[in-house]
Every structure is written in structure tokens, then in C-alpha cells.
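Scroll down for the structure; my scribbles are underneath it.
The values are calculated or read from the model by the stated rules, or taken from the named source; none is laboratory data. Predicted model only: the values in this text are computed from it and were never measured. Don't worry about glycine lacking a Cβ; one is built from the backbone with ideal geometry, like all the others, and counts go over all protein chains shown. We work out accessible area using only protein heavy atoms, side chains counted, and drop any ligands, DNA or RNA first. Shrake-Rupley method; radii C 1.70, N 1.55, O 1.52, S 1.80 Å.
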Amino acid sequence: MTTSQAPHRPIEIADILQGIEAGEFHLVYQPQVDSRQGHLLGFESLMRWESATFGTVSPDVFIGIAESRGVIHSLWDCLLEQVVVDLRQLAERDSAPRHIALNLSASQLPVPELSRHIGEWLIGHSLDGAQIHIEITESALLADSPEVMDNLRHLNELGIKLWLDDFGTGYSSLRHLVELPIHGLKIDKLFITTVEENIAHFRLVCAIIAMASSLGLKTVAEGIETENQSQILTQLGCDYFQGYLIGKPDRMDNLLASWMPDRSSQNETL
Ligand code: C2E
Ligand code: MG
Ligand code: MG
């Protein structure tokens with residue numbers, strides 16, 4: 001568990017609910033750029049919990065607990081509220097069509113009303129579907145249920161781009177890549193971190209990019225930390241980058257201050 005101070009007892013569902021009530025959850029964002037010119041295209045939102053009791057708790061810990069105990073929907077509502085505020089800030093500062101990517105949990109995707117709620121949220125806040133991307137993990141597709149398929153199709157009809165996150169580490173069927181309205185693949189950072197020295201991972205990354213390209217899918221390399229990784233991935237034809245080399249997750253205010261608007265990329269979208 002990643003915490004700034006050791007918790008003296010396991011995290012309970014009541015702690016998460018109390019944390020929501022106390023406003024302890026917030027979003028940070030990580031820039032996503034075009035691999036050739038490094039133009040800013042959008043941001044992935046990542047949730048953080050600064051708990052009065054447990055210190056800084058990693059989403060890898062609290063998302064799992066929230067999912068298993070059914071409070072993921074309350075966290076999702078918090079997230080949507082902040083995304084609206086931050087999208088407005090973004091639009092005021094910069095007229096380029098930047099998106100915010102949201103992570104959707106596997107347990108949310110089979111909920112029949114999910115895509116309808118997102119559609120109503122877009123309309124209610126005068127947002128365009130193109131301003132939102134949604135990242136799902138391969139495990140979310142394991143259910144293969146009609147509800148999951150309906151939600152994905154409807155989200156796509158709303159203009160929301162769908163990404164398969166952590167691609168290469170899950171169990172999804174390759175059939176999903178051709179049957180579902182997926183926009184692209186986010187290659188898991190496990191393979192990106194080791195692409196320089198692990199020949200098997202290098203070959204795997206080549207194969208993923210080639211397969212994606214032949215299926216008309218885009219690719220994001222996640223977890224780029226070195227110039228060398230960036231050069232290798234550019235040569236392999238990866239479309240977009242995200243990682244500490246480009247920018248660490250940060251509050252929208254700080255990101256807006258450090259990322260000056262880049263007018264030359266106004267027409268590019270991811
Ligand atoms: P993810 O969606 O795959 O997000 C990418 C993770 O990689 C983030 O960890 C990010 O901080 C980290 N990362 C990005 N670039 C680098 C890099 O260059 N080096 C290294 N070492 N790490 C990098 P984070 O923020 O701890 O999030 C972990 C996971 O928690 C996310 O993985 C996502 O699955 C989940 N998560 C985060 N926020 C949310 C949320 O709002 N909703 C849901 N359902 N899941 C979330
Ligand atoms: Mg993600
Ligand atoms: Mg990922």
C-alpha cells in the first residue's frame with residue numbers, strides 16, 4: 001500500500017464515504033501529447049485521496065475497495081463534478097480542443113444506465129462528447145454482457161473516444177478489438193519501462209503497434225520516462241505519449257500555468 005503514513009487499521013468502506021463527505025478526494029491530471037511534435041492534446045484524470053486518517057492513499061488501493069463495496073459510483077460522481085470545473089478552466093485558458101480522459105472501473109461498465117447518465121451529464125453541462133475520453137481495462141470486457149456492449153456503443157455514439165487501458169496485461173479477446181468501438185490501445189507501462197533492455201517486450205510493443213495500426217486503432221505509450229524510450233516508440237510508430245518524461249500528474253491549476261497554449265496544434269485531437 002502506498003501511503004505517506006502507515007494506517008493503523010485496514011481501510012473500511014465507511015472511511016471512503018467519510019473521505020467523500022470531508023472533500024478528501026480530488027483529481028490530478030497527466031498530459032497526453034502527440035509523439036512527433038510533443039503537442040499537448042489532453043489530460044488523463046487520476047484520482048487522489050488525502051485521508052486525514054491514512055495519509056495519501058494510492059488509487060490502486062482505494063479504487064479496489066470502493067469497487068468491491070459498491071461506492072465506486074459515489075467516487076465517480078465526485079470525479080464528474082471536478083471534471084466539469086476543470087474543463088471550464090481549460091476552455092477559458094485555451095481554445096484548442098483538449099480532452100480529459102476518465103478511468104472507468106470494470107464494475108461500472110455493466111450498469112445499464114451508465115451511458116444514459118453520462119449522456120445526461122454532457123447535456124446538463126453543455127459539454128461535447130469529444131471533450132471526454134474514457135479508459136477501460138481489459139477486465140471490464142470479460143463480462144462480455146449485452147449491457148457492457150450497449151454502454152460502449154452508446155458512449156461511442158455520444159462522441160466519446162474509448163481506450164483499452166493497460167493493454168497487454170489483461171485477458172481480453174482480440175475479437176473485442178474488431179467488434180467494439182474502441183478508438184485505441186494504451187500500451188501498459190510495464191512494457192514501455194523495459195522496452196530498451198528486454199527484447200521480448202520490445203518485440204511485443206512492435207507487434208501491438210503493428211496490429212493496432214492494421215486495425216485502424218491509435219496507440220498511446222504510457223509511462224515514458226526517458227528520451228531513449230521516447231525515440232524507440234516514435235520509430236515504432238506509436239501515436240501518443242504519456243509519462244513522467246512529458247509531465248507528472250498535477251493539479252489543473254499548476255498544469256495550466258506550466259503548459260502554455262500551443263496554437264499550432266489547435267486542430268489535432270487524440
Ligand atoms: P492507469 O489508468 O493506467 O494510470 C496510469 C498510472 O501510471 C497512474 O498511476 C500514473 O500516475 C502512472 N504513471 C504515469 N506515467 C508514469 C511514469 O512515467 N512512470 C511511472 N512509474 N508511473 C507513471 P496512479 O495515478 O497511481 O493510478 C493507478 C491506477 O489507479 C490507474 O492506472 C487507474 O487504473 C486507477 N485510477 C486512478 N484514478 C482513477 C479513477 O478516477 N477512477 C478509476 N476507476 N480508476 C482510477
Ligand atoms: Mg488510465
Ligand atoms: Mg494504464
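The rows are residues; the columns are (1) within 13 Å of ligand 1 (Cβ to nearest atom); (2) in a loop (DSSP other than H, G, I, E, B); (3) over 16 Å from the mean Cα position of the chain (by Cα).
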| position | (1), (2), (3) |
| --- | --- |
| LEU102 | yes, no, no |
| ALA106 | yes, yes, no |
| PRO110 | no, yes, yes |
| GLY119 | no, no, yes |
| ILE123 | no, no, yes |
| LEU127 | no, yes, yes |
| ILE136 | yes, no, no |
| SER139 | yes, no, no |
| ASP144 | no, yes, yes |
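If I filter segment 62-74 for residues that are open to solvent by less than 20 Å² (accessible area, probe 1.4 Å), among the aromatic types (Phe, Trp, Tyr) and more than 16 Å from ligand 3 (Cβ to nearest atom), do I get at least one hit? Step through it out loud before you land on a result.
Here is the first cut: in segment 62-74, the residues open to solvent by less than 20 Å² (accessible area, probe 1.4 Å) are 62, 66, 71-72.
From what is left, the residues that are among the aromatic types (Phe, Trp, Tyr) are 62.
Now restrict to residues that are more than 16 Å from ligand 3 (Cβ to nearest atom): 62.
Scanning segment 62-74, I find at least one residue that is open to solvent by less than 20 Å² (accessible area, probe 1.4 Å), among the aromatic types (Phe, Trp, Tyr) and more than 16 Å from ligand 3 (Cβ to nearest atom), so the answer is yes.
Sort through VAL33, VAL57 and tell me the only one that's at pLDDT 95 or above, farther than 11 Å from ILE16 by Cα, open to solvent by less than 20 Å² (accessible area, probe 1.4 Å) and among the aliphatic types (A, V, I, L, M).
VAL33
For segment 146-175, what are the residues that are in a helix (DSSP H, G or I) and open to solvent by 10 Å² or more (accessible area, probe 1.4 Å)? It would help to see each step written out before you state the result.
Within segment 146-175, the first condition is being in a helix (DSSP H, G or I), and the residues that meet it are 146-157, 175.
Selection gives PRO146, GLU147, MET149, ASP150, ARG153, HIS154, ASN156, GLU157, ARG175.
Could you check how many residues of segment 81-100 are in a helix (DSSP H, G or I) and out of contact with any strand residue (DSSP E or B) (no Cβ under 8 Å at 6 or more places or on another chain)?
8
If a residue has to be open to solvent by 20 Å² or more (accessible area, probe 1.4 Å), within 16 Å of ligand 2 (Cβ to nearest atom) and at pLDDT below 95 to count, how many in segment 77-132 make the cut?
Result for segment 77-132: 2.
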